[in-house]
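Asker: Pasting a structure here, questions to come.
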Amino acid sequence: MRRILYLFSLMLLVQTLSAQNNLFPRLGGQRAGTSSFSFLKIDISARAHGMAGAYTAIADDATSLFWNPAGAAQIGQTLGIMVDQSQWIADFQLSSFAGIWQLGGIHHIGLSALALYAPPTEITTEYNPDGTGEYFNYGNMLIGLSYALRMTDRFSFGLTTKLVEEQLADLYMRSILLDLGTFYRTGYKDLRFAVALLNFGSPARPGGTYLNNDSLKTEYEAFAPPTIFRLGVAYEWFQSDRQELTTSIQLNHPVDDAENITLGLEYGLGDLLFLRGGQVFGDEVRTWTVGLGIRWAGFSFDYSYADMADLNRTEHFTLGWTF
C-alpha cells in the first residue's frame, strides 16, 4: 500500500511541475504538417492507447508489430493474434490486425494490417458552398511483414517492412517504410529498456501532375514520412499471484513535431482485471488516457479512452488471442 501511495504521489508531483514547464519543457519547435502518411502516428491497440502510448518497453504481444517489432520475440506463445477497432476523430474509423507466429523458439514472423477510412465527403466549391452533389473518398492502408529474433534470454531484435498507401479523391501515394526495434531486459528484477525507430523511408509524393500558376504541368511536392524515435523504460514495482503494478516512461522524438514524454501505468488484479492510465507531457492535443482490460484462458479484451482537448475524444476496442 505504501508503494502505491508513493507512486501516485510521484505522478501528481510530475503533473504539477510539468504544468509549470519546469520538469518537461518543450524540447523542440513545432514542425507539424511537414510529413506524409500522418495516419501512422495514431496509437494502435487499447492497451497501449490506455497507457498514453508509453508502450515501447512493454510491447510483448501481437500489438508490438505497431510499436516495437522486437517485442514480437517476447510473446511466449506459438501464436498471438489481435484485432483493434477505434472510433477516431471526425467520424474516422480505424481497423487493424496483427498476428505473430513463433518458429523454433527464437524466430518470430509477424503480419500486420491497418485501414483508416472516413464516410464519403461531399465536394464544395466557391459557387456551391452547400455541396455540388458529388463526393470524394479519403483513406489509408498499411500491410506489414515483420521478423523478430530472440538473440538471448535478455535481448531481442526486430524488423518490419511495410507498404503504406494514402488516397485523397483521385490522388494516390505509396511507399515502402521500415521499422527497427530492440528490447533488453537488464536482469535487475523486471527492469527493461527498449528502443524503436519507426516509419523510416524516403520522401513520397502523389502520382501525376497539376497546373501551376503559369499553367505548366508540375509534379507534386514530396514529403518525408513521419519517422519517430522512441526510447522507453518499464518496471514492475511488484508482481504476485494477486496483483501487479507496471509503470513505463517513454521519450518520443518525431521528425514533424515537438518532442514529448509519455507516462503509463497498469495495475493488475489476479491476472484477470487490469486498470490503466497515462499522461502525455509536451503535447497540445493529447493529455490523459484511461483504460481497462480482461484476460482469461488465452483471450483478452481491452478498452481505452483518451481526451483529445478540442478534438473531443478517441476510443479503442481490442480483442486478442494467444495459443
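The values are calculated or read from the model by the stated rules, or taken from the named source; none is laboratory data. Please read these numbers as outputs of a predicted model, since none were measured by experiment. Please note: Cβ atoms are built from the backbone with ideal geometry, for glycine as well, and neighbour counts cover all protein chains shown. SASA here: full protein model, heavy atoms, side chains in, ligands and nucleic acids out. Shrake-Rupley method; radii C 1.70, N 1.55, O 1.52, S 1.80 Å.
Asker: What is the gain in length, in nm to one decimal, between residue 190 and residue 210 on full extension, counting 0.36 nm per residue of separation less the C-alpha to C-alpha distance?
Answerer: Details: separation 20, 0.36 × 20 = 7.20 nm, distance 5.58 nm.
Contour length minus the Cα-Cα distance gives 1.6 nm.
Asker: Okay, next question. Taking semi-axes √(5λ) of the Cα gyration tensor in Å as the quantity of interest, determine which of [x] 28, 22, 20; [y] 35, 23, 19; [z] 25, 24, 20 was computed from the displayed structure.
Answerer: Evaluating semi-axes √(5λ) of the Cα gyration tensor in Å on these atoms matches [y].
Asker: Using θ = phi - 60° and the Karplus curve 6.51 cos²θ - 1.76 cosθ + 1.60, what whole-Hz ³J(HN,Hα) does each residue of the stretch 308-323 get, with Gly and Pro shown as x?
Answerer: 3J(HN,Hα) across the stretch 308-323, in whole Hz: 10, 6, 5, 8, 6, 8, 9, 9, 10, 10, 10, 10, x, 9, 10, 10.
Asker: Per 5 Å bin, what is the whole-percent P(r) computed from every C-alpha pair distance within the stretch 185-224?
Answerer: Histogram of Cα-Cα distances, whole percents per bin: 6, 16, 12, 11, 10, 7, 7, 6, 7, 5, 5, 5, 3, 1.
Asker: Continuing with this model, one more query. What percentage of the solvent-accessible surface of the stretch 54-187, computed with a 1.4 Å probe over protein heavy atoms, is contributed by carbon and sulfur atoms?
Answerer: Details: 3750 of 6220 Å².
About 60 percent, which is the carbon plus sulfur part of the accessible surface.
Asker: Can you work out ³J(HN,Hα) from phi for every residue in the stretch 120-133, in order, using Karplus 6.51 cos²θ - 1.76 cosθ + 1.60 and θ = phi - 60°, giving whole Hz and x for Gly and Pro?
Answerer: Calculated HN-Hα couplings, in order: x, 10, 6, 7, 10, 9, 4, 8, 10, x, 8, x, 9, x Hz.
Asker: Near the amide H of residue 243, under 5 Å away, which other amide H atoms are found, from residues 5 or more places off or on another chain, if H is placed in the peptide plane?
Answerer: 270
Asker: Would you kindly state the longest site-free stretch of the chain, with sites defined as GluC sites (Glu not before Pro) in a DSSP loop (not H, G, I, E, B) surrounded by at most 14 other Cβ atoms within 10 Å? Could the numbers behind the result be given before it?
Answerer: Values: sites that count: 126, 134, 221, 284.
Segment 1-125 is the longest.
Asker: Would you check the accessible area of residue 292, probe 1.4 Å, heavy atoms only, in square angstrom rounded to 10?
Answerer: 70 Å²
Asker: Can you compute the radius of gyration and Dmax for the stretch 51-106, using only the Cα atoms, both in Å?
Answerer: In Å, with Rg to one decimal and Dmax whole: 12.9, 45.
Asker: Still on this structure, please answer the following. Using a Förster distance of 35 Å, how high is the FRET efficiency between residue 153 and residue 34, based on the Cβ-Cβ distance and rounded to 0.05?
Answerer: Working: r = 42 Å, r/R0 = 1.19.
Between residue 153 and residue 34 the formula returns 0.25.
Asker: Any idea what angle helix 2-19 forms with the longest principal axis of the chain, computed on alpha-carbon atoms, 0 to 90 degrees, nearest 10?
Answerer: Helix 2-19 and the main axis of the chain meet at about 30 degrees.
Asker: Give the cross-link partners of residue 189 among the aspartates and glutamates, using a straight C-alpha distance below 18 Å as the criterion and excluding same-chain residues fewer than 8 apart.
Answerer: 60, 153, 236, 241, 244, 266
Asker: For the charge dipole of the stretch 260-323, defined by +1 on Lys and Arg C-beta atoms and -1 on Asp and Glu C-beta atoms about the Cα centroid, which residue among 285, 312, 265 has the Cα displaced farthest towards the positive pole?
Answerer: 265
Asker: Would you mind working out the accessible area per residue for the chain, using a 1.4 Å probe, and quoting it in Å²? Can you show the working numbers first?
Answerer: On the way: 16460 Å² over 323 residues.
Accessible area per residue, the chain: 51 Å².
Asker: Between beta-carbons, use under 14 Å as the cut-off and find the net charge around residue 313, counting Lys and Arg +1, Asp and Glu -1. Before the final figure, lay out the partial values.
Answerer: Details: positive: 286; negative: 43, 91, 307, 310, 315.
Combined, the nearby Lys, Arg, Asp and Glu give -4.
Asker: Rank-order 146-154, 207-215, 87-95 by packing density, defined as the average count of other C-beta atoms within 10 Å over each peptide's residues, highest first. Provide the component values of the computation, followed by the final result.
Answerer: Values: 146-154: 16.7, 207-215: 9.0, 87-95: 14.3.
Put in order of decreasing packing, that is 146-154, 87-95, 207-215.
Asker: Starting from the Cα of residue 41, draw a straight line to each of the aspartates and glutamates and keep only those under 16 Å, dropping any in the same chain fewer than 8 residues away.
Answerer: Within the straight-line limit of under 16 Å, residue 41 reaches these aspartates and glutamates: 84, 165, 166, 179, 256, 257, 259, 283, 284, 315.
Asker: Determine ³J(HN,Hα), in whole Hz, for all residues of the stretch 148-160 in sequence, where each value follows from phi through the Karplus function 6.51 cos²θ - 1.76 cosθ + 1.60 and θ = phi - 60°; x replaces Gly and Pro.
Answerer: The phi angles translate into 10, 10, 8, 6, 9, 6, 10, 10, 9, 9, x, 9, 10 Hz.
Asker: Also, quick follow-up: May I ask for the net charge around residue 47, where only other residues with Cβ less than 11 Å from the Cβ of residue 47 are counted and Lys, Arg are +1 while Asp, Glu are -1? It would help to have the intermediate numbers written out before the result.
Answerer: On the way: positive: 276, 295; negative: 43, 60, 61, 84, 266, 302.
Its environment carries a net charge of -4.
Asker: For a quick check: with amide H placed at 1.01 Å from N, whose amide H comes under 5 Å from residue 260's, ignoring anything fewer than 5 positions away on the same chain?
Answerer: Amide H to amide H, under 5 Å and 5 or more residues apart or across chains, residue 260 pairs with 252.
Asker: Hey, for a label at residue 308 modelled as a point 7 Å past Cα toward Cβ, could you say which residues of the stretch 262-297 have their backbone N under 12 Å away?
Answerer: 285-287, by backbone N distance to the label point.
Asker: Provide Rg and Dmax in Å for the stretch 221-316, with only Cα atoms included in the calculation.
Answerer: Spelled out, the Cα radius of gyration and Dmax of the stretch 221-316 are 16.0, 56 Å.
Asker: Determine the calculated [θ] at 222 nm for the chain from helices alone, applying -39500 (n - 2.57) to every DSSP H run no shorter than 4 residues and normalising by the residue count; nearest 500 deg cm²/dmol. Please list the in-between numbers first.
Answerer: Details: 2 runs with 23 residues, N = 323.
Per the formula, -2000 deg cm²/dmol.
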